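The values are calculated or read from the model by the stated rules, or taken from the named source; none is laboratory data. Keep in mind it's a predicted model, so treat the numbers as computed, not measured. Because the Cβ atoms are built from the backbone with ideal geometry, glycine has one as well, and the counts that use them run over all protein chains shown. Surface areas here come from the heavy atoms of the whole protein model, side chains and all, with no ligands, DNA or RNA. Shrake-Rupley method; radii C 1.70, N 1.55, O 1.52, S 1.80 Å.
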Amino acid sequence: MIDVEQLKRDAENGDAEAQFMLGSFYNEGTLLAKDREKGIFWLEKAAAAGNVNAMINCNIRWSYEDGDKHKNHIGKLWGMAAVATGDSIAQYNYAVTFQNGEYGQADIRRAIRFYRLSARQGNVDAKCNLARAIIEGDGVKQDIVKGVELLNEALEQDNAMALYIAGHYLLEGDIVEQDIDLAYEYFVESSKQGLWLADEVLEDWDEYTEAC
């Protein structure tokens, strides 16, 4: 059981991990009444003290503040700070922001650079996105064999996104031999792991199979 009062004392005494936890509790409304202002205050304190998880949180929070370029810029800076620590999750998140164009125009080549860095450290989500880019030649030289090998590494870890991506390739039959039954199994397993994208495919399964 977490002693909230002790956590507050630790945070006030400069403990970065305690500051991160306190900020998270305020933001999520767990153990403490939800208070966005206090949540942000403690998360930024933790980030400034070098807590990588807090940096990532600040990056995500400020990068998606619609219509506020100043806060978007702050988010980008926290993302850069987190990446500089060499953290694989930070590298992955940073890649996603470039792929989605959160910092302006989408830049898939730059995204791939950070997906590679993250994947080399074993981040399975980065492996999935990198595998798909290599298989489809999106921002990188197409190499189906290499891409499939990378995707198989992620499948061996039973990753939800890997199952979803492989399910599409099995359903379409363009990259690998078509296997609709196996594709269905992959989508079901991906859905069980909570990936909403797989839920959408299963809801419209008849339409997907008719198109194939």
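Is it the case, given these coordinates, that Asn93 is assigned to a helix (DSSP H, G or I) and within 27 Å of Val4 (Cβ to Cβ)?
Spelling it out, it is not the case that Asn93 is assigned to a helix (DSSP H, G or I) and within 27 Å of Val4 (Cβ to Cβ).
Which of the following residues is out of contact with any helix residue (DSSP H, G or I) (no Cβ under 9 Å at 6 or more places or on another chain) and open to solvent by 20 Å² or more (accessible area, probe 1.4 Å): Glu200, Glu185, Glu153?
Details: Glu185 fails: out of contact with any helix residue (DSSP H, G or I) (no Cβ under 9 Å at 6 or more places or on another chain); Glu153 fails: out of contact with any helix residue (DSSP H, G or I) (no Cβ under 9 Å at 6 or more places or on another chain).
Just one listed residue meets the conditions, Glu200.
To keep it simple, each residue is scored yes or no on (1) touching a residue at least 24 places away in the same chain (Cβ under 8 Å); (2) within 30 Å of Ser190 (Cβ to Cβ); (3) touching a Ser or Thr at 6+ places or on another chain (Cβ under 6 Å).
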site	(1), (2), (3)
Lys45	yes, no, no
Asp68	no, no, no
Trp78	yes, no, no
Ala90	yes, yes, no
Tyr94	yes, yes, no
Gly101	no, yes, no
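Answer yes or no: is there a residue in segment 125-141 that is out of contact with any helix residue (DSSP H, G or I) (no Cβ under 7 Å at 6 or more places or on another chain), part of a helix (DSSP H, G or I), over 18 Å from Tyr92 (Cα atoms) and open to solvent by 20 Å² or more (accessible area, probe 1.4 Å). Lay out the reasoning, then the answer.
Taking segment 125-141 as the starting set, the residues that turn out to be out of contact with any helix residue (DSSP H, G or I) (no Cβ under 7 Å at 6 or more places or on another chain) are 136-137, 141.
Going one step further and asking which of them are part of a helix (DSSP H, G or I), we end up with 136.
Filter again for over 18 Å from Tyr92 (Cα atoms), leaving 136.
Restricting the remaining residues to those that are open to solvent by 20 Å² or more (accessible area, probe 1.4 Å) gives 136.
The answer is yes; a qualifying residue exists.
Condition first: open to solvent by less than 30 Å² (accessible area, probe 1.4 Å) and in a helix (DSSP H, G or I). Now tell me which residues in segment 97-123 satisfy that.
Once the filter is applied, which keeps residues that are open to solvent by less than 30 Å² (accessible area, probe 1.4 Å) and in a helix (DSSP H, G or I), segment 97-123 yields Thr97, Phe98, Ala111, Ile112, Phe114, Tyr115, Ser118, Ala119.
Residues in segment 158-194 that are over 18 Å from Ala131 (Cα atoms) and outside any helix (DSSP H, G or I): how many?
Matching residues across segment 158-194 total 4.
Just to be sure, is Tyr208 more than 30 Å from Arg61 (Cα to Cα) and at pLDDT 95 or above?
Judged against the criteria, Tyr208 is not a match.
Run Lys192 past the list (1) within 26 Å of the chain's Cα centre (by Cα); (2) open to solvent by less than 90 Å² (accessible area, probe 1.4 Å) and report the number of the one that doesn't hold.
(2)
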